[in-house]
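Below is one structure, written out as structure tokens, with a few remarks after it.
Every number here is computed from the coordinates shown, using simple stated rules; none is lab data. Since the model is a prediction, treat every value here as computed from it, not as a measurement. Using ideal geometry, Cβ is built from the backbone for each residue, glycine included, and neighbour counts are taken over all protein chains shown.
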Amino acid sequence: MRLNCPHCDRQLSVTDEKIPVGQRFKLVCPQCNKPFTVEPESVTTASAANTASSVPPPLPTAKETDFYPPGAKIAFVFVRDPEWNTALLAILDEQGYHLSAPGFTAEALQKIATAAYELVFIDHAPHGAEVLQRIHEWPGTQRRGVNVVLVGDEAKSLHPDASFRYGVNWYLHRSDVAEIPRLVRTVIDGYEETYKMWRLAAEESGKPTN
């Protein structure tokens with residue numbers, strides 16, 4: 001399939017095998033690094049073109065699938081506070097992350113299982129509890145490979161006891177909106193340093209790191 005990025009007009013090519021039948025899906029332009037959604041009615045693949053006259057088009061569904069370039073850094077943001085959400089998306093985009101920002105719990109549960117996220121931000125609230133529980137169910141090596149950050153009102157930002165209590169890497173207080181850029185850089189740098197030490201220790205013991 002060939003299509004143009006609506007932001008920079010670059011022509012993109014996607015193999016037919018990666019196109020979900022009858023579903024909206026999201027692409028990230030490799031030139032301008034901005035995401036956009038492709039509607040099912042706009043998709044015409046080579047195989048579909050050969051059979052269009054005999055096979056009716058599939059019905060679209062509300063489910064959306066995200067596709068990211070191989071090796072992409074992907075961040076998951078399920079934080080509903082508008083100030084936090086806007087600031088997180090801005091700083092993460094600046095840091096070179098591709099972004100997934102579901103709006104409700106069912107969508108978040110679907111998305112958390114469909115991509116290899118490096119960084120996850122979740123509200124410490126009832127709507128985020130199921131997503132956090134799903135992360136807690138991951139195998140140890142999968143969980144260690146993801147930097148999980150909880151945003152709430154129960155403890156000061158970066159308090160280690162809160163991180164341990166809730167089974168996350170970091171806890172950020174919701175009142176620290178003005179500090180979001182600094183806090184995000186801190187959690188990224190701190191996790192990378194910790195993960196680097198864990199990976200070296202695992203390699204020395206002969207255990208797999210992924």
request  = Would you mind computing, in nm to one decimal, how far apart the modelled labels at His127 and Lys26 are, each placed 7 Å from Cα along Cα→Cβ?
outcome  = 1.6 nm
query = Thr86 versus Asp161, label points 7 Å from Cα toward the beta carbon: distance in nm?
reply = 3.5 nm
ask   = Of Lys73/Lys196; Lys26/Lys73; Lys156/Lys196; Lys26/Lys156; Lys34/Lys73, which ones are farther than 24 Å apart at the Cα?
value = Lys156/Lys196; Lys26/Lys156
query = By how many nm would the segment from Glu107 to Thr194 lengthen if fully extended, with 0.36 nm per residue of separation less the alpha-carbon distance?
reply = 28.3 nm
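At 0.36 nm per residue, minus the direct Cα-Cα distance, what do Lys34 and Arg134 gain on full extension? Give it in nm, one decimal, please. Walk me through the intermediate numbers first.
On the way: separation 100, 0.36 × 100 = 36.00 nm, distance 2.83 nm.
Gain on extension, Lys34 to Arg134, equals 33.2 nm.
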